[in-house]
Amino acid sequence: MSEGTLWSADLGALHVDTDANTGLWGYLWLQTDKKTFKEWLDQHLIGLAAVHNIELTRKLRRFHKNFYEQTITILRDKLQADEAFIYHPVPLTYMPLVMHATRIHCDAPDAAACDGFSAPTVPHPDIPEWQQRTGSVAFASPYLGEDGVRVTRSYPADSTIMMTSVTYHWHTPPGIPDVCLRGHHDDPEVIAAALEALDDFARTLRLPGTPH
């Protein structure tokens, strides 16, 4: 991986804010330089290893280094996420659970007319519908309004792995960006165990300038 693809001297600025419990949620810089990333990764892994009482082996350190490098590149460059957050209670021996937030500019008068609002419920075109499971519930936010939805979806990543994704989307009045929060994991039990915490975290999201 070339340094030009991953590293940046521009550390960016918050586009979606939160006052979530920092003991449960960590911030993942999508714009970072190599030195800052290394320092952050060392602190992050040492802290989690102590909390979970797990030995931080070189194999685990390398796995997480590769995971976060790839995640930063995909979220920033491919998905154009604004912010990313890490759920700390997942043990180091599992794939980390990263949730990313994106502002979506949609000036449709209501959610029914907003293409992005219903997109998470549309079946993946490359996977047979009978292999996909989707659930959708209304999801209000104290900061982003009543017009929200939470969509959970399970689908096979390959013959052995069943991915589970969680997507929150709030449709806001014209002139204010919609906000979408999403993440996925290769262990459905991790998502199931974290769902209440994910809901609590989703309710803390706000656009900068929104009253606390």
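The values are calculated or read from the model by the stated rules, or taken from the named source; none is laboratory data. Predicted, not measured: the structure shown is a model, and the values here were computed from it. Every residue, glycine among them, receives a Cβ derived from its backbone with ideal geometry; neighbour counts consider all protein chains shown. The area values use the complete protein model at the heavy-atom level, side chains included, leaving out ligands, DNA and RNA. Shrake-Rupley method; radii C 1.70, N 1.55, O 1.52, S 1.80 Å.
On the accessible surface of the chain, probed at 1.4 Å, how many percent belong to carbon and sulfur atoms?
Working: 6180 of 11410 Å².
Carbon and sulfur atoms account for 54 percent of the accessible area of the chain.
Taking the Cβ of ARG150 as the center, what net charge do the other residues with Cβ under 14 Å away carry, scoring Lys and Arg +1 and Asp and Glu -1?
Numbers: positive: ARG153, ARG182, ARG203; negative: GLU146, ASP147, GLU196, ASP199, ASP200.
Around ARG150, the charge tally is -2.
Heavy-atom accessible area for ASP77, with the other protein chains in place and a 1.4 Å probe, reaches approximately 80 Å².
Measuring with a 1.4 angstrom probe and ignoring ligands and nucleic acids, GLU39 comes out at about 80 Å² accessible. Every pair of different Cα atoms in segment 31-94 enters the Kirkwood calculation, which places the hydrodynamic radius at 12.6 Å.
A 1.4 Å probe run over the protein chains yields, for the chain, 54 Å² of accessible area per residue, whole-number rounding. So, taking all protein chains as they sit and a 1.4 Å probe, how much accessible area belongs to TRP29, in Å² rounded to tens? Surface open to solvent at TRP29 totals about 100 Å².
Report the local net charge at CYS106: Lys and Arg +1, Asp and Glu -1, summed over other residues whose C-beta lies under 13 Å from its C-beta. All intermediate terms of the calculation are to be shown ahead of the outcome.
Values: positive: ARG103; negative: ASP107, ASP110, ASP115, ASP147, ASP178.
Its environment carries a net charge of -4.
If Lys and Arg each add +1 and Asp and Glu each add -1, what is the summed charge of the other residues whose beta carbon sits under 15 Å from the beta carbon of THR22? So the surrounding residues net to -4. Sorting TYR87, TYR94, TYR168, TYR143 by accessible area puts them as TYR94, TYR143, TYR87, TYR168; the probe is 1.4 Å, largest comes first, and only protein heavy atoms count. The alpha-carbon of LYS59 sits under 24 angstrom from the alpha-carbons of these lysines, leaving out residues fewer than 8 places away in its chain: LYS34, LYS35, LYS38.
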